[in-house]
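Remarks on the structure that follows.
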Amino acid sequence: MLSIIQAAGWPIWPLIACSVLALALIVERFIALKTARVLPPQLLDEAITVSSKGLPTPDVVSQLAQNSALGEVLASGLRTLNSDPQASEEEVRASMESTGRAVAHRLEKYLNALATIASAAPLLGLFGTVVGMIEIFGSQGGGNTMSGGNPAQLAHGISIALYNTAFGLMIAIPALIFWRYFRSRVDSFLLAMELASEQFMRHLKRLAGR
């Protein structure tokens with residue numbers, strides 16, 4: 001591996017940094033976007049059951065908020081009613097929507113960075129290719145034929161060009177695939193959370209007798 005890095009020349013180092021950063025972001029997003037941390041399957045039913053006979057205590061609401069991203073959204077509606085039992089439907093909905101926007105922003109965290117890496121890696125590879133071409137032309141000196149050049153410098157320039165192009169694509173393709181995967185996963189979570197919040201809102205309306 002070290003020999004490949006040496007053959008690829010100094011332009012490979014930005015690509016290595018991008019690959020390490022992309023790997024870290026992918027691992028972090030896999031952990032952060034687990035279903036149990038965002039949208040536990042039974043949470044909505046449990047929240048409805050707990051609040052079916054009246055508003056739960058602040059301690060229960062706090063536990064709900066700490067449960068998951070969906071729990072935060074549902075808890076925001078309960079907090080609004082706990083602080084003001086006469087709060088209107090619009091106020092409760094506005095509180096839940098505000099929390100939902102904050103949760104959505106957190107779910108989308110680092111996705112733009114991953115997309116940037118997917119876009120920038122091929123360009124960095126192209127930059128390395130240009131550097132390699134400069135090395136190739138530099139190896140020719142003032143001659144007009146390949147035979148008049150420096151073979152070692154010519155080989156080094158070709159290595160730089162090819163390795164950087166390959167590394168750029170090797171980084172960009174997985175980064176793009178995972179970005180699309182996480183983007184789709186976040187969109188699915190947000191739709192499910194919106195539907196769950198609407199169902200919980202109807203439950204709160206029935207609870208308050210509205």
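Values in this text are rule-based calculations from the coordinates and carry no lab data. The structure displayed is predicted, hence computed values, not measured ones. Every residue, glycine among them, receives a Cβ derived from its backbone with ideal geometry; neighbour counts consider all protein chains shown.
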Residues D59, D84 arranged by fewest to most Cβ contacts within 10 Å: D59, D84
Mind checking the full-extension length gain between D45 and L123? Use 0.36 nm per residue of separation minus the Cα-Cα distance, one decimal, nm. 23.2 nm
Once the dipole of the chain is set up from charges on Cβ (+1 Lys and Arg, -1 Asp and Glu), the residue from the list I173, V186, L55 lying farthest towards its positive end is L55
Simple spin-label estimate for K109 and R206 in nanometres, 7 Å along Cα-Cβ: 3.5
Per 0.36 nm of contour for each residue apart, how much would the distance between I177 and A192 grow if the chain were fully extended, relative to their Cα-Cα spacing? 3.1 nm
Order of 67-73, 43-49, 127-133 by packing, highest average Cβ count within 10 Å first? 67-73, 127-133, 43-49
Computed FRET value (nearest 0.05) for Q199 with A24, which takes r as the C-beta separation and R₀ as 35 Å: 0.45
Set of lysines near K53 by C-alpha distance (under 21 Å), chain-local residues within fewer than 8 positions excluded: K205
A correct Stokes-Einstein calculation for segment 1-96, using the alpha-carbon Kirkwood radius, 37 °C and 0.692 mPa s, returns a whole-number D in µm² s⁻¹ of 197
Given charges at Cβ of Lys, Arg, Asp, Glu: the chain dipole, positive-most of P41, L162, I16: P41
Note: A155 to T116 extended length (0.36 nm per residue) minus current alpha-carbon separation gives 10.9 nm
Separation of alpha-carbon centers, segment 157-196 and segment 29-99, rounded to whole Å: 32
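Within 10 Å of each residue's Cβ, count the other Cβ atoms and sort T116, T57 from fewest upward.
Details: T116 15, T57 12.
Lowest to highest Cβ neighbour count: T57, T116.
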Residues in segment 36-55 reached by a label modelled at S184 [backbone nitrogen below 18 Å; 7 Å Cα→Cβ]: none
The chain: translational diffusion in µm²/s, Stokes-Einstein, Kirkwood Rh over Cα pairs, 10 °C, 1.306 mPa s: 77
Are there trypsin sites (Lys or Arg not before Pro) in segment 1-92 that DSSP marks as loop and that have at most 14 other Cβ atoms within 10 Å, and which are they? K34, K53
